[in-house]
Amino acid sequence: YPGGYIVRCFRAYMYYKNSDYRSPIVNTYEFHRYLNGETNKFYVYEMYKNKYMRWVKKNPGNYYGSEGKVYPKNLKLLPDYDSFKQIYEKQLDISLSMWALKVRKGTIYERLIKAGFMRLFSEMFRDSHYLYDVIKSEETALHKNLKLDKMRLKRLKAMNGGIRELEWLQLEKEENTVWPDEMIRVFSDGGYYAHTFNFAPEQMTYPQIWEYLKKQYLLHGYTWDYTIACWRDYLNMAEKLKIPLDIERNYKPKDVRLAHNEARDILQGRDIEEEAKKINRKWRKLNKVYPKLEKYEYSDTTYQIIAPKSTKDIVREGMILKHCVHTCDYYFQRMTSDETYIIFLRRASEPNSPYYTLEIEPSGNIRQKRTTGDRQNKDFEEARRFLAKWQRAIQKRLTKEEKALG
C-alpha cells in the first residue's frame, strides 16, 4: 500500500469428522496483520470486548512472529528486499512477520546485516532484551551502538561473534586492556560469562584464569566444564580446610585434580553422622527437600533411581564413592533453592550399593554424573537408555512449576 506494505498471516488446518478420508473438512483463517510503514501497526483477529469477532489493534511487542511461506514476487517488492535477501541466502530462520515489525531503516538490525554480523543479528533478533542490555540504540555508528571501538568491532567480526563474544569485548574495553581472542572464543563457546569465574581468587585476572585452566585442560584432557568445576570445588574445599588461599601454589595447584582429590579425602575422614548434622545445621531447609524427591524414583530389571531420604544418605554416598558431593556447599545450596537435586543411580541387583551419583534439575535433566573417584566411566553409556526411559516416565509426575524450573 502507499508508503509501506502489509504482512498477512494465515493458518490452515483440516480434520476428519464422520467423513470419508478423501473429503476432509478444511478451515483457513487470517489471524495476524502487520502494517509496516511510517509507523508499525499490528492487528489480531479475536473476540472484541467479549461481544463479537473483529480486527483488534495490539502492541506488537507481546506477540511472536509466525513462520510461513512468502510468494517470491511479493518478497521482491519489499522496500528492504536487499537486506532480507541476505538473511534468506544465509538460511537464517527468521519470519517475515517479525522482520516487518523489527527491521526498519536506520535500526541496529539493518546496520548489523549491512556490516556482515549475521550471527550477532540472528541472536539479537530472537532475543530483543539484548537491545536494552548490551547496546546503545541512540548512537548512529555501529561500533558505538555495540559499546565498542573500531578495533574491537573488527575483532568481533573476525571471530564471527555473537552476544557472548560481544559482552566479553565490552568488558575488555571497560577494563581498558586487551585479552587473547582465543580466550574470548573458548569462554563464549562454552557459555561462560565473567560471573562464571566469581569463585576464582580476586587477585587473578581473566587471562591468568584462562592460562591456568588451559594448562589443566591440556594436562588431563577432560572437558572445559569438568576442569572449571574441579577447580571451583577444590577452592571451596580448601577454604573449609583453612588452606591459605592468598598463596599462589595453594590457589593454583600444579595438578588441580590431584589437589581436589586430596582435599576431598581429608574432608571425608569425618564421621558420617557428625558430618550430616553439621550440614543440616548450616542448611536448615534441606530436610524439607527430601520428601519432594520421592517422585523421581523409578526402576526396571537392570537399573533403578533411588532418592536420598536424609543428608546422611548423601554423605554416605560421597564417602563410599570418594567424590565431593557432600563436601561442597554448592550442591546443598542448589537443593534448598530447587535449582538441582542429588539422586542415586543403582544396579537393580545391588540396590544398596552406591554406583553413580546424579545431579539433576527439577525437570529431570542430568547436569552431572559421578562414580568412584569423581569419574564418569564407560559403563555409564550402558545406563543411558534406562535414564532416557526414566526421564520420560517422570514427566507425568512433574508439576508445571518443576518443569519451568528445569
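The values are calculated or read from the model by the stated rules, or taken from the named source; none is laboratory data. On a predicted model such as this, the values are computed, not experimentally measured, just so you know. Ideal geometry is used to build each Cβ from the backbone, glycine not excepted, and the neighbour counts take in all protein chains shown. Keep in mind that these areas ignore ligands, DNA and RNA; they rest on the heavy atoms of the full protein, side chains included. Shrake-Rupley method; radii C 1.70, N 1.55, O 1.52, S 1.80 Å.
Summary of values
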| item | result |
| --- | --- |
| Residue in segment 384-393 that is over 19 Å from ARG346 (Cβ atoms) and of a type in the set (Gly, Ala, Ser) present | no |
| Helices (runs of 4 or more DSSP H) enclosed by segment 241-312 - at least 2 residues per element that are open to solvent by less than 20 Å² (accessible area, probe 1.4 Å) and modelled with pLDDT under 90 | 256-267 |
| Residue list for segment 123-169, filter: at pLDDT 90 or above and of a type in the set (Asp, Glu) | ASP149, GLU165, GLU167 |
| Selection count where residues are in contact (Cβ under 8 Å) with a residue 24 or more places away in the chain, more than 20 Å from VAL325 (Cβ to Cβ) and of a type in the set (D, E, K, R), scope segment 247-267 | 2 |
| Given (1) open to solvent by less than 20 Å² (accessible area, probe 1.4 Å); (2) touching a Lys or Arg at 6+ places or on another chain (Cβ under 8 Å); (3) within 30 Å of LYS309 (Cβ to Cβ); (4) without any contact (Cβ under 8 Å) to a residue 60 or more places away in the chain, index of the condition TYR212 fails | (3) |
| Strands (runs of 3 or more DSSP E) completely within segment 322-406 that count 3 or more residues being aliphatic (A, V, I, L, M) and out of contact with any Cys (no Cβ under 8 Å at 6 or more places or on another chain) | 341-347 |
| Complete set of residues in segment 141-162 that are in contact with a Leu (Cβ under 7 Å, 6 or more places away or on another chain) and either of a type outside the set (Gly, Ala, Ser) or under 15 Å from PRO180 (Cβ atoms) (or both) | LEU142, HIS143, LEU146, LEU148, ARG152, LEU153, ARG155, LEU156, GLY161 |
| Selection count where residues are within 17 Å of GLU273 (Cα to Cα) and in contact with a Lys or Arg (Cβ under 7 Å, 6 or more places away or on another chain), scope segment 326-337 | 1 |
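Conditions tested, residue by residue: (1) assigned to a helix (DSSP H, G or I); (2) exposed (fewer than 14 other Cβ atoms within 10 Å of the Cβ); (3) under 18 Å from the mean Cα position of the chain (by Cα).
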| site | (1), (2), (3) |
| --- | --- |
| SER137 | no, yes, no |
| HIS143 | yes, no, no |
| MET151 | yes, yes, no |
| ARG155 | yes, no, no |
| LEU169 | yes, no, no |
| THR177 | no, yes, no |
| SER188 | yes, no, yes |
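Per-residue answers, yes or no, for (1) more than 30 Å from LEU258 (Cβ to Cβ); (2) in contact with a helix residue (DSSP H, G or I) (Cβ under 9 Å, 6 or more places away or on another chain):
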site	(1), (2)
TYR303	yes, yes
SER310	yes, yes
ASN352	yes, no
TYR355	no, yes
SER363	yes, yes
ILE366	no, yes
ARG397	yes, yes
